[in-house]
1. Quick one: order Glu47, Glu92, Glu107 by neighbouring beta-carbon count within 10 Å, fewest to most.
2. If you rank Ser99, Ser113 by fewest surrounding Cβ atoms within 10 Å, what's the result?
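Derivation of every value follows stated rules applied to the coordinates shown; laboratory data play no part. Bear in mind the structure is a predicted one, so any value in this text is a computation, not a measurement. Every residue, glycine as well, gets a Cβ built from its backbone with ideal geometry; the counts of neighbours run over all protein chains shown.
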Amino acid sequence: MTTPPHDAHPYLKVFLSALVPQVASGPDHSKDPPPPHIVPISGSSPEERHVLQLLVGADDDIRHDHGQAAGINLDLAETELKLALSHGGPKEAIALALSRIALAREEVRKGHSARACTAIADAIKAVVPKRA
């Protein structure tokens, strides 16, 4: 006799419930910016695209009240940017992006999701190459 998979792993149910959003939006989200249209992620390197995807993912997580997931995406983006800085990346742009990531974290901690999304948008603008 075999046990069903959900009975074999008692923490699996808890883990799965953590991944599924229970509430689409929380209180005080009436001033949140509208959901973004598809953000074109263009870049010259896979690393740059990865950072942009992490930042866009953090923005999406904040909009859906997934603060912990947003924090993970911001941590990963910050690590990628610090690596780029240590390898001679554009110092001003990376420093601006890092400061905006720190601001986004602070705004999430305070519960100001709209401000956090604005800070992430500034970080994205700093990382995206300027078009002529």
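1. On the way: Glu47 15, Glu92 8, Glu107 19.
Exposure proxy ranking, most exposed first: Glu92, Glu47, Glu107.
2. Fewest-to-most Cβ neighbours within 10 Å comes out as Ser99, Ser113.
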